[in-house]
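Single-structure report; data block below.
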Amino acid sequence: MAHVIAVAGKGGVGKTTLCGLLIQYLCEKGKRPVLAVDADANSNLNEVLGVEVEMTLGEVREEVERSADGAANKIPAGMTKADYMEMMVNRCLIEDDDFDMLVMGRTQGKGCYCFVNGLLQAQLAKLTPNYPYMVVDNEAGMEHISRGILPKVDTIILVSDCSRRGVQAVGRIRDLIEECQLNPTSIGLIVNRAPDGKLNAGTMEEIEKQGLTLLGVVPQDATVYEYDCDGKPTTQLPADSPVRQALYRVLDKLNF
């Protein structure tokens, strides 16, 4: 069974960027193949990793519904709806040299995500035993973990910016983790986009108040912004990038 690493935090703190670099770190350390899971309906982990998405689980739902309703692309004769869905889901798995990726995506119309969540849960249960590590980029919050979609969680990395509100948000996520009795082996906080890689007294005070374990601090770096604006995968950051170096030092201490 894979060692499952979940990355969580409020929106806009850079968790997807750090998640992509975490996946690259594991691959460089010989922990491949890694299963990367983008569990955010507003998915963009593939852009950080530099891979194309052919189909998401959300699109599978729409495709199967259209086919069942008599659309032009009907379910092939002699194939059950379940078999057709399995065939479509297999198209969602992106295979790269060092990692594979599964993207949840979103539905196109109205309705809840229960069906897509169920697809994700079923696929993870089937795929997890085939990988030494699985890294999950969660949406803002912990919905997929609290609903039991993940088979288990071994390590939870909480990501915040330097603001008190960001630290308070991950404090609430940590409380939810305890309420759900997820019992990860380890859980800790990475503060991202810190000016000069340093935290002021107010931020440190809030971290202590929330009872969070600070794993490390990643500095603010204009190069990450430039890569994003130019459409370059963040994983192509140079080896001497302050962001990459700071994150790798933190990950080294976690002994994956």
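If you go through segment 148-161 one residue at a time, do you hit one that is among the β-branched types (Val, Ile, Thr), under 28 Å from PHE99 (Cα atoms), part of a loop (DSSP other than H, G, I, E, B) and in contact with a helix residue (DSSP H, G or I) (Cβ under 7 Å, 6 or more places away or on another chain)?
yes
Look at segment 181-205 and say how many of its residues are outside any helix (DSSP H, G or I) and open to solvent by 50 Å² or more (accessible area, probe 1.4 Å).
First, the residues of segment 181-205 that are outside any helix (DSSP H, G or I): 181-194, 198-200.
Among the residues that remain, those that are also open to solvent by 50 Å² or more (accessible area, probe 1.4 Å) are: 181, 183, 185, 187, 193, 198, 200.
Residues that pass the stated criteria total 7.
Going through GLU86, GLU54 one at a time, which residue ends up being assigned to a loop (DSSP other than H, G, I, E, B) and at pLDDT below 95?
Working: GLU86 fails: assigned to a loop (DSSP other than H, G, I, E, B).
Exactly one residue qualifies, and that residue is GLU54.
Just to verify a result, which residue in segment 236-247, among those that are buried (at least 18 other Cβ atoms within 10 Å of the Cβ) and touching a residue at least 60 places away in the same chain (Cβ under 8 Å), is nearest to GLY216 (Cα to Cα)? Even if it seems obvious, please write down each step before you answer.
The first filter runs over segment 236-247 and keeps only residues buried (at least 18 other Cβ atoms within 10 Å of the Cβ), leaving 237, 241, 243-244, 246-247.
From what is left, the residues that are touching a residue at least 60 places away in the same chain (Cβ under 8 Å) are 237, 243-244, 247.
On the way: LEU237: 20, VAL243: 12, ARG244: 13, LEU247: 8 Å.
If we take residues in segment 236-247 being buried (at least 18 other Cβ atoms within 10 Å of the Cβ) and touching a residue at least 60 places away in the same chain (Cβ under 8 Å), then LEU247 is nearest to GLY216 (Cα to Cα).
Across segment 10-51, what is the total count of residues that are in contact (Cβ under 8 Å) with a residue 40 or more places away in the chain, at negative phi and part of a loop (DSSP other than H, G, I, E, B)?
Qualifying residue count, segment 10-51: 13.
The values are calculated or read from the model by the stated rules, or taken from the named source; none is laboratory data. Predicted model only: the values in this text are computed from it and were never measured. Heads up, the Cβs are rebuilt from the backbone with ideal geometry, glycines too, and the neighbour counts pull from every protein chain shown. What goes into the accessible areas is simple: the full protein's heavy atoms, side chains included, and nothing from ligands, DNA or RNA. Shrake-Rupley method; radii C 1.70, N 1.55, O 1.52, S 1.80 Å.
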